[in-house]
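Shown next, in structure tokens, is the structure this report addresses.
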4 protein chains.
Amino acid sequence: MGNIFGHLFRITTFGESHGGGVGVVIDGCPPRIEISETEIQLELDRRRPGQSKITTPRQESDTCEIISGVFEGKTLGTSIAILVRNKDARSQDYDEMALKYRPSHADATYDAKYGIRNWKGGGRSSARETIGRVAAGAIAKKILQQVAGVEIVAYVKRIKDLEAIINPETVTLEEVESNIVRCPDQDAAQKMIDLIDQTRREKDSIGGVVECVMRNVPKGLGEPVFDKLEADLAKGMMSLPATKGFEIGSGFAGTLLTGSEHNDEFYTDEAGNIRTVTNLSGGIQGGISNGENIIIRVAFKPTATIGKEQQTVTQTGEETTLAAKGRHDPCVLPRAVPMVEAMAALVLCDHLLRHHGQCKTV
Amino acid sequence: MGNIFGHLFRITTFGESHGGGVGVVIDGCPPRIEISETEIQLELDRRRPGQSKITTPRQESDTCEIISGVFEGKTLGTSIAILVRNKDARSQDYDEMALKYRPSHADATYDAKYGIRNWKGGGRSSARETIGRVAAGAIAKKILQQVAGVEIVAYVKRIKDLEAIINPETVTLEEVESNIVRCPDQDAAQKMIDLIDQTRREKDSIGGVVECVMRNVPKGLGEPVFDKLEADLAKGMMSLPATKGFEIGSGFAGTLLTGSEHNDEFYTDEAGNIRTVTNLSGGIQGGISNGENIIIRVAFKPTATIGKEQQTVTQTGEETTLAAKGRHDPCVLPRAVPMVEAMAALVLCDHLLRHHGQCKTV
Amino acid sequence: MGNIFGHLFRITTFGESHGGGVGVVIDGCPPRIEISETEIQLELDRRRPGQSKITTPRQESDTCEIISGVFEGKTLGTSIAILVRNKDARSQDYDEMALKYRPSHADATYDAKYGIRNWKGGGRSSARETIGRVAAGAIAKKILQQVAGVEIVAYVKRIKDLEAIINPETVTLEEVESNIVRCPDQDAAQKMIDLIDQTRREKDSIGGVVECVMRNVPKGLGEPVFDKLEADLAKGMMSLPATKGFEIGSGFAGTLLTGSEHNDEFYTDEAGNIRTVTNLSGGIQGGISNGENIIIRVAFKPTATIGKEQQTVTQTGEETTLAAKGRHDPCVLPRAVPMVEAMAALVLCDHLLRHHGQCKTV
Amino acid sequence: MGNIFGHLFRITTFGESHGGGVGVVIDGCPPRIEISETEIQLELDRRRPGQSKITTPRQESDTCEIISGVFEGKTLGTSIAILVRNKDARSQDYDEMALKYRPSHADATYDAKYGIRNWKGGGRSSARETIGRVAAGAIAKKILQQVAGVEIVAYVKRIKDLEAIINPETVTLEEVESNIVRCPDQDAAQKMIDLIDQTRREKDSIGGVVECVMRNVPKGLGEPVFDKLEADLAKGMMSLPATKGFEIGSGFAGTLLTGSEHNDEFYTDEAGNIRTVTNLSGGIQGGISNGENIIIRVAFKPTATIGKEQQTVTQTGEETTLAAKGRHDPCVLPRAVPMVEAMAALVLCDHLLRHHGQCKTV
């Protein structure tokens, strides 16, 4: 269960990190959207490991194939299947994991739930699972851009205690992609890169915060009660591997203000649009977008796989130790950036279609 | 859209703050659970306003009626409808709101989405909407308690900058209910009460953080990918009115640690159970419960309705000012405690049934 | 489970035949639709028993109350709850049924599934459950009529072996309502009434076929694979109590033709629209409406409750006999007509919104 | 939309008849079920065209590959993706169809709905789409067989007016597979084969009825209201290409009986089980299985693609004629048999898991 996301723009992902491949099926994509494997590949390449000295060196080519739903370069309105073959083979690296539970990984919980697991890698909890999300997200982004000019930009806001200064109103994809840590504050970026590199040498790992801004989101997306736009964004983000927290607008810090400080007062701009003076709400009020920028933050814990030796147990409960072999990923944050963008796009696209279905019909 | 929550234990809520009433229909409740209006009323009374000097004085009796699905004191397995009639009718208080948008309320976004709104109160964004959730949560709690001995306890962890010291391992419902602010740290509680009372006199409002612990949750609940247990908890909590953030386990603070500090090492306890030494994961790994306590925190912003005058606009965009009439609720946190418990119970109960359906069948 | 129907226009029904009441919650209704209790009541009155000598004499007033989602006569876009109180309380008639299983009723299967049942009446299998469907159907009809001029007319096509001759192209609601058996062929209608009356005197029951035509359905409704328009119509109809079969267009008789006889050849009409010469497809091709009239037929078995003595067993398996007390309903067909219309409207309305969401967005 | 089926055992299918391939993703399959590509291939081979002189000669190898969700021969509980590559290439056969609408095909409705279609073949309306269903059905059958000993056997009951005499209580898969028309009445089978062969020579097509019996279905599957077991079976069957009607138990013929003739009286068998003397209900009462054999019938119209010349129009509405090139399939019935079995298995398996989730938890 739980491999389906969305209500009108619905995606189903599949695939373990080891086995035939990973991918996604999109159900409900609007027809006549121009889409190519090249465009999807661009996003997949951003999330791929082995891109720089600060990410995992695991070499994955992650070449995508559109199996169905696209004809002569355009979506058909029917289900779109996208497949990425697995390449790896070094499963001998995983032999030890057939027996030992990796701390803070899902090995033990999979065994508890299913009584079986694919011990060659992380199963469905591998970061490879996000390939399907990013591929579908590429299409969702295209639809949002085409229908409403929506822009979604995510970036590394903080690594451990190194916080960047970034203006969400103006930050661009080019600035984000201008360095390997995907932090558009160049000074902070260099410090982050150094810290990640040092952490890698220490066989340890670190985490941080990704911030994401959604601009030009039409007013009216989101539903009043359970499917509030921020609730679905929270679910999407908290379903990404290694996430521990979610905030919108003022977030946890907003709890330190009084109502008179926190409320976003209204005004009418020159074009006659009703706007808010401040945006502590983060672009959503009562679960529905208000036309201001939607701003969220997602906390990613330090990667669980580390080279340092740790206490653990075997499947049968015997105590032992484990140290991950080979080079590992000291910090998932740079690769998490496209994942966060993808989930934001999937949520917005689904709500765009839902809103049109219910409210533009009459 | 968006008035349905859950997959096997599904609830549909209905009702505006003004109109015939509010309530819930539960689809998928197991049969033969003993349940009475009295038990549900107990939870409803906890979330009811007008209980003390620090909450809104709006008098709501909130008496629930079970319309269907229960026969001779036991659930039938069929859909359970619960109705609470609306009483309060001082809609003249709301006349001004027919025209003016309340800052950081949903008035403007409802108009943008639907082109119509019930201006007599907060519509579906009123805290009254949570009555249905709390009623259904009472039944979910009962099932969880009966099937697995699950205990769910929420409490006020922080009001503005006043943070309480509470042991989630041992805290009890009785301790929570021992004071009107629902904070089991008595020293902090008194300071919180004073601060809320002072804020009320200043016609302002404040927010804070509710923490919730779920104990004795069976291993194996939650699904690997989109329906991770923490993702559904995040969605449930972020769908409550006035929430701005969600954390599990180490949360945002966990991003300041290294992997070797953050990982929860395994050991085998005397009873032969595989356990973790620490619990920075917060009871969930890879989206699936691991048998440790599940601990979450939810940020609630300061209530939007305040007596102080604020800048705003009318429906047609003319700039004006607004100051809420009558006594208002200076702090929603005490009443948010049973809402958080209800959402936690609804998520866990749904996942319990889903897990049994998929994994206990064979 | 199973009390929710639809995907974008979703309804949840509740209520047993005995207990507080029955009703429905509609999630996803478009905003700003004018709707009143009077309009809903009109449809409820058509499905109400006790209307004539040929239906069950059970007196039900079935007065509906809109609890939420409608403000100043218009839908708000939020969830609409409609409640009908139960009145009839002659549960002493049912005392025998606490112990004995009624043949071809759901008593035994409810006990097998849930281990409990509300023996005061038919529980969720009572025809009273359809009140919620008919109420929601009244709103769906209104939307369809307003958005696309869709007309839905159902009528009794056959009672036992008495078949009526009716032109689905032209038949009107007025003709259907012109007699108590709801058969617009007046000659057949009189014979049907006589047969039902005679059957009633024999303490027996009879069944038949309801036909339903949907006119002016826009092209493009329905989805290619599982949610084909005819598949969802089939599900909707086969979810009505006492149904045993479903047909669309040529139906079972169409299997006696060859392809060259059965295919609907295309032509272009004077207005330039692509039309079909014949309509053996019944208005749907490949699961999608083609603009021709949609025509379906639904088989209703003879009512299970009869006054004649029958062999049965008690809950504990002891063999016994049972004869239903009091007057019973000798033929459900006249009352089934508005139920069929309601389900047709619910399916079409849901698909209209889905189609707009996916295909009108770009 | 509409490419997802089921609630707990959910499948998503994808693929056009021409393009990369077709397949299915299963979400919610129980863990630790032994399954191999060989077992799935067995069912796919039954549905494959080109098997005998009476089916379409289109050569499809239809070799399946399990991409994910199975490890060392057992299901993991995670999503199972199965892919079948397309082989064909003779798309020049379809060039004419780029312009002309085939009568009673979905060409025109796809264009009306999406404004685009894959004219190289039947798109999602091709019988090839059922490959994903049959593959998933093979796994559902295995689960049903293993958990409850359920047997599902479908067979050709009628071709045009040639009706077979078959005992659903005893008919076996071996008998069904003993001839190329999949009709276990050998006399009728020979006549059917002759009729199909003659029809093929006449460049025409014929239809008929498939009957399906489900034996050893546990009591209690199905839900009382919308998700009645027969409603979901009806939806599943009516979602298969070329279906025009669905019946359960007595079906349309049951409307000719009186209640006293139609009711299934109860008795207690030697083992103490409550049984019914007759089975006109077809194994389901009140939407819930009663332990008797479930018997359904599905009407398939004559195949739309025929060699005879027909009147039609082009995409732009110009009138023209069309005669399908090459050999075509004169009768889909033999290949429809495994499709019907697959849909029956998918529905039963989903309801088995749902029932366990709701009713076996407490």
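Conditions (1) polar (S, T, N, Q); (2) modelled with pLDDT of 95 or more, marked per residue:
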{"position": "C:Arg48", "(1), (2)": "no, no"}
{"position": "C:Thr55", "(1), (2)": "yes, no"}
{"position": "C:Arg58", "(1), (2)": "no, no"}
{"position": "C:Tyr114", "(1), (2)": "no, yes"}
{"position": "C:Arg133", "(1), (2)": "no, yes"}
{"position": "C:Ala136", "(1), (2)": "no, yes"}
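Considering the conditions (1) surrounded by fewer than 24 Cβ atoms within 10 Å (Cβ to Cβ); (2) free of Cβ contacts under 8 Å to residues at least 12 places away in the same chain, B:His328 is excluded by exactly one of them, (2). If the condition is being within 23 Å of D:Val171 (Cα to Cα), touching a strand residue (DSSP E or B) at 6+ places or on another chain (Cβ under 6 Å) and of a type in the set (Val, Ile, Thr), then segment D:119-154 contributes D:Ile152, D:Val153. Out of segment D:5-16, which residues are surrounded by fewer than 24 Cβ atoms within 10 Å (Cβ to Cβ) and either more than 11 Å from chain C (Cβ to nearest Cβ) or within 17 Å of the chain's Cα centre (by Cα) (or both)? Of everything in segment D:5-16, those that are surrounded by fewer than 24 Cβ atoms within 10 Å (Cβ to Cβ) and either more than 11 Å from chain C (Cβ to nearest Cβ) or within 17 Å of the chain's Cα centre (by Cα) (or both) turn out to be D:Gly6, D:Arg10. Within segment D:170-185, is even one residue within 14 Å of chain C (Cβ to nearest Cβ) and either assigned to a helix (DSSP H, G or I) or surrounded by fewer than 22 Cβ atoms within 10 Å (Cβ to Cβ) (or both)? No. Against the conditions (1) touching a His at 6+ places or on another chain (Cβ under 6 Å); (2) under 14 Å from D:Glu265 (Cβ atoms), C:Gln310 satisfies every one except (1).
Yes or no: segment B:254-276 includes at least one residue that is farther than 27 Å from A:Tyr110 by Cβ and surrounded by fewer than 21 Cβ atoms within 10 Å (Cβ to Cβ). Yes, segment B:254-276 contains at least one residue that is farther than 27 Å from A:Tyr110 by Cβ and surrounded by fewer than 21 Cβ atoms within 10 Å (Cβ to Cβ).
If you go through segment B:277-328 and keep only what is in a strand (DSSP E or B), touching a Leu at 6+ places or on another chain (Cβ under 9 Å) and not aromatic (Phe, Trp, Tyr), you end up with B:Ile284, B:Ile288, B:Ser289, B:Ile294, B:Ile296, B:Val298, B:Gln310, B:Gln311, B:Thr312, B:Thr314, B:Thr320. Filter segment B:92-149 for residues that are on the phi > 0 side of the Ramachandran plot and within 13 Å of chain A (Cβ to nearest Cβ) and give the result. Hits for segment B:92-149 are B:Ser104, B:Gly115, B:Gly121, B:Gly123. Annotation for segment C:211-231: at least one member residue is of a type in the set (A, V, I, L, M, F, W, C), within 15 Å of D:Tyr110 (Cα to Cα) and part of a helix (DSSP H, G or I).
Summed over segment C:253-310, residues that are more than 8 Å from chain D (Cβ to nearest Cβ), hydrophobic (A, V, I, L, M, F, W, C) and free of Cβ contacts under 8 Å to residues at least 24 places away in the same chain total 2. Give the residue that is nearest to the other protein chains (Cβ to nearest Cβ), with candidates limited to residues of segment D:232-252 that are touching a residue at least 40 places away in the same chain (Cβ under 8 Å) and in a loop (DSSP other than H, G, I, E, B). Looking at the filtered set, the residue picked out is D:Ser239. Take the conditions (1) assigned to a loop (DSSP other than H, G, I, E, B); (2) within 7 Å of another protein chain (Cβ to nearest Cβ); (3) not hydroxyl-bearing (Ser, Thr, Tyr); A:Cys331 misses just one of them, which is (2).
Quick one: count up the residues across segment A:292-306 that are in contact with a Ser or Thr (Cβ under 9 Å, 6 or more places away or on another chain) and not basic (Lys, Arg).
Step one: list which residues in segment A:292-306 are in contact with a Ser or Thr (Cβ under 9 Å, 6 or more places away or on another chain), which gives A:292, A:298-306.
The next check asks that each one be not basic (Lys, Arg); those that pass are A:292, A:298-300, A:302-306.
Total meeting the criteria: 9.
Could you please let me know if B:Ile116 is in contact with a Phe, Trp or Tyr (Cβ under 8 Å, 6 or more places away or on another chain) and of a type in the set (Val, Ile, Thr)? Yes; evaluated as a whole, the condition is true for this residue. Mind checking whether some residue in segment D:193-212 is surrounded by 15 or more Cβ atoms within 10 Å (Cβ to Cβ), without any contact (Cβ under 8 Å) to a residue 40 or more places away in the chain, among the aliphatic types (A, V, I, L, M) and within 14 Å of another protein chain (Cβ to nearest Cβ)? Yes; the residues of segment D:193-212 include at least one that is surrounded by 15 or more Cβ atoms within 10 Å (Cβ to Cβ), without any contact (Cβ under 8 Å) to a residue 40 or more places away in the chain, among the aliphatic types (A, V, I, L, M) and within 14 Å of another protein chain (Cβ to nearest Cβ).
The values are calculated or read from the model by the stated rules, or taken from the named source; none is laboratory data. Please read these numbers as outputs of a predicted model, since none were measured by experiment. Heads up, the Cβs are rebuilt from the backbone with ideal geometry, glycines too, and the neighbour counts pull from every protein chain shown.
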